[in-house]
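What follows is a set of notes on a single structure, which appears directly below.
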Protein chains: 2
Amino acid sequence: MSRVYLDWNATAPLRADARAAMVDAMDVLGNPSSVHAEGRAAKAIVERARGQVAEAVGCLPQEVVFTSGATEAARVLEAWPAGAVHVDPTAHDAVWTHQRTGHAEGAVIALGLANSETGVISALPSRTEDGFHWQETVADYLFVDATQAIGRIPFAFSWSGADVAILSAHKLGGPKGIGALIVRQGLDIPALATGGGQEMGRRSGTENIAGIAGFGAAIEAAMKDLSNGVWDQVEKLRNILESTLSAATKETIFVGKKNMQRLPNTSCFVAPGWKGETQVMQMDLAGFAISAGSACSSGKVRESRVLQAMGFDRSTSASAIRVSLGPKTTEMDVEQFCSAWLTKYDRHRQRAA
Amino acid sequence: MSRVYLDWNATAPLRADARAAMVDAMDVLGNPSSVHAEGRAAKAIVERARGQVAEAVGCLPQEVVFTSGATEAARVLEAWPAGAVHVDPTAHDAVWTHQRTGHAEGAVIALGLANSETGVISALPSRTEDGFHWQETVADYLFVDATQAIGRIPFAFSWSGADVAILSAHKLGGPKGIGALIVRQGLDIPALATGGGQEMGRRSGTENIAGIAGFGAAIEAAMKDLSNGVWDQVEKLRNILESTLSAATKETIFVGKKNMQRLPNTSCFVAPGWKGETQVMQMDLAGFAISAGSACSSGKVRESRVLQAMGFDRSTSASAIRVSLGPKTTEMDVEQFCSAWLTKYDRHRQRAA
């Protein structure tokens with residue numbers, strides 16, 4: 001039986017361009033820190049990808065620091081020189097973990113640009129004379145988790161006013177295990193790792209050449225897709241999915257649909273009383289890959305902190321699933337999903353009645 | 001002109017087995033943290049590689065924590081709960097950077113099992129009733145940087161008495177950007193990164209699936225090579241290189257050759273008065289990849305801290321080069337290198353005279 005993959009926010013399939021770039025990079029022998037010809041060839045791969053990422057993200061190449069992913073990049077908050085780290089409670093665990101109070105100057109606000117579980121897009125605060133205003137807080141610095149947003153909605157680091165941003169290759173069709181920390185030029189923050197002094201001293205360690213090459217190729221391709229309107233088509237399919245389910249099941253709640261800006265590909269919905277965990281397993285057996293919450297914690301499934309932060313109670317939060325589409329998703333995929341989900345839903349209702 | 005690569009301690013060519021495993025892993029779509037079939041397939045790749053690394057290193061699978069390389073793994077010392085971190089001054093920069101004093105209990109000794117610049121092998125201290133004795137120090141914990149040793153000399157984590165060890169895939173023919181922290185079961189130390197809770201909570205972040213697959217395949221192949229005696233042949237070539245140069249240039253000093261245990265593949269030698277940096281560049285132009293010091297600091301070449309720690313003065317340390325061989329090195333490579341180096345050496349002597 002062929003599978004239908006509707007979990008693009010967990011990870012996206014590797015793009016053909018990224019795959020080819022990785023395979024090419026595997027045959028380049030040198031260590032980018034070596035001064036000889038083999039080393040310089042490896043270094044050239046890293047610098048080419050740095051340019052590709054910079055162009056896609058709207059920053060300078062020297063502002064791009066390659067990391068092993070967004071989680072490592074988020075550690076910039078761990079060593080943030082001073083002050084509080086105010087994290088939006090709907091942020092990803094990798095950012096939320098760095099929430100801390102503090103009284104010194106130099107506070108930072110940390111926001112996700114687009115939420116992985118709901119697709120809800122945050123309006124970024126603008127820099128004012130006394131800093132960034134967000135909810136009841138004023139802070140000196142702005143940290144943006146752009147992981148789910150890059151390649152799906154426009155974002156330009158230099159225009160955003162952000163001081164730092166983080167991103168991950170595998171969400172946009174690059175390989176897993178590579179990402180970047182974008183650091184505004186001249187910002188003085190501790191290194192993510194010290195040692196050999198790679199990445200302009202901001203992150204030591206021999207570079208993941210194949211991963212970096214794949215990241216560069218993927219983000220370039222993702223930007224082409226974005227400007228070619230590929231995600232408008234994805235949004236149409238997402239809307240078909242929601243209107244189909246909504247017409248058949250009146251009590252289903254579509255999170256953020258009514259009055260919030262969302263990513264074009266994400267639908268988070270709650271069928272009250274039907275556990276998200278159960279839905280994911282039943283749909284998996286039926287051939288569909290979806291998720292409940294974000295794909296972390298190694299398979300642990302629990303009620304969503306994100307939905308609770310949005311005001312949903314524990315029981316409602318525990319009944320949410322996330323369906324996330326991508327450029328390869330077809331109308332047939334969506335129809336099959338709706339039909340299978342509605343069948344399971346009816347069975348659940350009958351059992352519960 | 002074909003090149004001769006004699007810089008295996010900087011990085012080794014990717015093994016065919018590793019390359020194939022990476023390419024296969026690229027086609028596996030899921031996020032290992034997802035509970036659906038796609039996620040479980042990705043998880044299976046990670047767990048298979050964990051078993052391969054555990055078997056090669058002589059530890060339990062649950063003691064293997066995948067990281068982005070040895071540098072990230074060495075950060076375990078940064079967050080070491082208490083006490084001093086006594087680092088051997090000949091350790092790699094990624095370990096040396098964590099040297100610190102401290103008065104609390106829980107001190108750790110950090111040693112490199114084999115030195116990257118000289119190939120010198122350290123005898124690991126044994127655990128005694130009051131801890132590990134090393135030079136003038138006694139400490140409660142032992143950290144071993146096994147990066148240059150694994151696959152070249154026998155090492156078994158569980159027999160070594162070490163509490164933690166670090167390793168890197170690309171030194172043994174795996175991909176760059178992946179490595180491991182080996183942590184003795186039950187040892188309570190802070191996570192390298194928090195967030196999604198991957199790697200048994202010891203290192204959050206979506207796993208580098210292709211890199212991990214390549215690492216597993218590479219270390220398995222490396223162990224086969226080791227038990228098949230491949231490095232005995234490499235040692236013969238290294239010895240031919242040293243005796244050839246030594247016969248022709250009496251003043252050349254071979255570091256550690258006389259009275260130290262060394263890796264089979266490494267020769268570090270000093271031609272007094274001829275800068276290592278110059279030698280590397282001249283040999284590069286002649287078609288040979290070698291190095292001066294370790295391949296870090298992004299191309300910065302400077303006198304070796306390691307050689308100075310061994311008692312060599314600054315000027316001597318600045319005149320050292322490292323030639324490191326591997327299983328693909330041929331006798332012809334060595335002959336060509338010796339002939340080219342001796343020609344350059346004579347020219348240098350004539351100019352200096």
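Count of segment B:91-110 residues, restricted to those that are on the phi > 0 side of the Ramachandran plot and charged (D, E, K, R), is 0.
Among the residues of segment A:313-353, those identified as buried (at least 17 other Cβ atoms within 10 Å of the Cβ), in contact with a strand residue (DSSP E or B) (Cβ under 9 Å, 6 or more places away or on another chain) and charged (D, E, K, R) are A:322, A:333.
Considering (1) buried (at least 24 other Cβ atoms within 10 Å of the Cβ); (2) facing chain B (nearest Cβ under 7 Å); (3) assigned to a loop (DSSP other than H, G, I, E, B), the lone condition that residue A:194 does not fulfil carries the number (1). The set of residues in segment B:25-63 being closer than 30 Å to residue A:277 by Cα, of a type in the set (D, E, K, R) and in contact (Cβ under 8 Å) with a residue 24 or more places away in the chain consists of B:48, B:50, B:63. Checking each residue in segment B:84-113 for being among the charged types (D, E, K, R) and in contact (Cβ under 8 Å) with a residue 24 or more places away in the chain picks out B:88, B:93, B:105.
Can you tell me which residue among B:343, B:329 is at pLDDT 95 or above and more than 25 Å from residue B:263 (Cβ to Cβ)? Unique residue meeting the criteria: B:343. Taking segment A:95-115 as the range and being modelled with pLDDT under 95, small (Gly, Ala, Ser) and touching a strand residue (DSSP E or B) at 6+ places or on another chain (Cβ under 9 Å) as the test, the residues that pass are A:102, A:106, A:107. From the list A:35, A:87, A:53, the lone residue that is hydrophobic (A, V, I, L, M, F, W, C) and under 30 Å from residue A:304 (Cα atoms) is A:87. Taking (1) under 30 Å from residue B:79 (Cα atoms); (2) buried (at least 23 other Cβ atoms within 10 Å of the Cβ) in turn, residue A:115 satisfies each apart from (1).
The residues listed here are A:19, A:40; of these, the one that is more than 8 Å from every other protein chain (Cβ to nearest Cβ), charged (D, E, K, R) and more than 28 Å from residue A:115 (Cβ to Cβ) is A:40.
Can you tell me which residue among A:97, A:71, A:90 is surrounded by fewer than 24 Cβ atoms within 10 Å (Cβ to Cβ), within 8 Å of chain B (Cβ to nearest Cβ) and within 17 Å of the chain's Cα centre (by Cα)?
A:97
Assess whether residue B:225 counts as being among the acidic types (Asp, Glu), away from chain A (no Cβ under 14 Å), surrounded by fewer than 23 Cβ atoms within 10 Å (Cβ to Cβ) and within 18 Å of the chain's Cα centre (by Cα). It is true that residue B:225 is among the acidic types (Asp, Glu), away from chain A (no Cβ under 14 Å), surrounded by fewer than 23 Cβ atoms within 10 Å (Cβ to Cβ) and within 18 Å of the chain's Cα centre (by Cα).
Of the residues making up segment A:22-37, those that are buried (at least 21 other Cβ atoms within 10 Å of the Cβ), of a type in the set (Gly, Ala, Ser) and either at the interface with chain B (Cβ under 7 Å from one of its Cβ atoms) or outside any helix (DSSP H, G or I) (or both) number 3. Answer yes or no as to whether residue B:11 is crowded, with 24+ Cβ neighbours inside 10 Å, assigned to a loop (DSSP other than H, G, I, E, B) and at pLDDT 95 or above. For residue B:11, the condition - crowded, with 24+ Cβ neighbours inside 10 Å, assigned to a loop (DSSP other than H, G, I, E, B) and at pLDDT 95 or above - is met.
Set side by side, the residues A:255, A:280, A:230, A:270 differ, and just one is at negative phi and within 14 Å of chain B (Cβ to nearest Cβ), which is A:280.
Among the residues of segment B:246-272, the one identified as among the aliphatic types (A, V, I, L, M), surrounded by fewer than 21 Cβ atoms within 10 Å (Cβ to Cβ) and in contact with a helix residue (DSSP H, G or I) (Cβ under 7 Å, 6 or more places away or on another chain) is B:248. Tell me which of these residue B:187 doesn't satisfy, since it passes every other one: (1) under 28 Å from residue B:123 (Cα atoms); (2) surrounded by 24 or more Cβ atoms within 10 Å (Cβ to Cβ). Only one criterion in (1) under 28 Å from residue B:123 (Cα atoms); (2) surrounded by 24 or more Cβ atoms within 10 Å (Cβ to Cβ) is unmet by residue B:187, namely (2).
Of the set (1) of a type outside the set (Lys, Arg); (2) over 23 Å from residue B:210 (Cβ atoms); (3) surrounded by fewer than 24 Cβ atoms within 10 Å (Cβ to Cβ), all apply to residue A:52 but (2). Within segment B:218-234, residues that are in a helix (DSSP H, G or I) have Cβ atoms under 8 Å from residues that are of a type in the set (S, T, N, Q) and crowded, with 21+ Cβ neighbours inside 10 Å in these pairs: B:219/B:52; B:220/B:52; B:231/B:265; B:234/B:265; B:234/B:329, counting only partners at least 6 apart in sequence or on another chain.
The values are calculated or read from the model by the stated rules, or taken from the named source; none is laboratory data. Just so it is clear, the structure is predicted and the values come from calculations on it, not from any experiment. Methodologically, a virtual Cβ is constructed for each residue, glycine included, from the backbone with ideal geometry; neighbour enumeration extends over all protein chains shown.
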